[in-house]
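The values are calculated or read from the model by the stated rules, or taken from the named source; none is laboratory data. None of these values were measured; they are calculated from a predicted model. Glycine also receives a Cβ, built like all others from the backbone with ideal geometry; neighbour counts cover every protein chain displayed. Each accessible area value is taken on the protein alone, full model and side chains, heavy atoms only, with ligands, DNA and RNA left out. Shrake-Rupley method; radii C 1.70, N 1.55, O 1.52, S 1.80 Å.
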Amino acid sequence: MTVAHGVAAATGVLEELRGLLPLTVAGAARCFAANGWTPGGRSRSGDGVPTGWDKDGVRAWILPFDDGAIEVSFAVWIRDVDASGYFDDVDAVHEESERVLAAVVPLIERSSLAGRLTPTGRKATGEDEYIALRGWNLEGRALTAGAVQHDGDLPVMVVITLEQPA
């Protein structure tokens, strides 16, 4: 999977998700299924609705929160840890993720979403977890592209995330 392919897959689903008012786990799952994504992993919604999805090597997750907020995230680039469970040079991997993110941003800004995006200084949820990020407002929802590593023994990813507040 190329980064451009991952961004195209993500923006295709995001284009449909923006029309779901309100965005729900079940509605997002229907959107993924209708676009040929395959469910996988365990449900995080508590009602058995698939929250993990995959299509042609692009992974996506629907994350519901107790306060009613929902995030839909797409991993458009993943660099996994080495055999030791860590990176030999984590700084180099973080730098690589920032270069990938720099290539992702213009793809988003030229996508079908372009006319609806407003750059924003709004902080992303969990911003302290990001290596680097870029954010937009998408019709009242937060759209973030960011390089992230949630823990030292987890992969570094470039993700595109749509957040609907509670």
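Assorted remarks:
- Rounded to the nearest Hz, the phi-derived 3J(HN,Hα) couplings of segment 51-57 under the Karplus curve 6.51 cos²θ - 1.76 cosθ + 1.60 (θ = phi - 60°) are 10, x, 9, 8, 8, 6, x, where x marks glycine and proline.
- Sequence ranges 52-63, 97-108, ranked by mean other-Cβ count within 10 angstrom, highest first: 52-63, 97-108
- Computed accessible area, ASP88, all protein chains, 1.4 angstrom probe, square angstrom: 150
- Calculated diffusion of segment 24-70, Stokes-Einstein form, Kirkwood radius summed over Cα pairs, 10 °C and 1.306 mPa s, µm²/s: 149
- Compared with the alpha-carbon gap, the fully stretched path from LEU20 to THR120 is longer by 33.8 nm at 0.36 nm per residue.
- The chain - charge dipole about Cα centre, Lys and Arg +1 at Cβ, Asp and Glu -1, debye rounded to 20: 860
- For the chain, accessible area per residue (1.4 Å probe, heavy atoms of protein chains only), Å²: 49
- Column: log10 I(q)/I(0), Debye, Cα scatterers of segment 22-109, q = 0.20, 0.24, 0.26 Å⁻¹: -1.00, -1.11, -1.18
- Förster radius 30 Å - calculated FRET efficiency between ASP89 and ALA8 (Cβ-Cβ, nearest 0.05): 0.50
- Two-decimal ratio, the chain, of alpha-carbon radius of gyration to 2.2 N^0.38 Å: 0.99
- Residues whose placed amide H lies under 5 Å from that of THR120, excluding near-sequence neighbours: GLY135, TRP136, ASN137
- Measuring nothing but protein heavy atoms, the accessible surface of segment 18-103 at 1.4 Å probe radius is 49 percent carbon and sulfur.
- Percent of C-alpha pairs per 10 Å bin, segment 1-55, short to long: 24, 52, 23, 1
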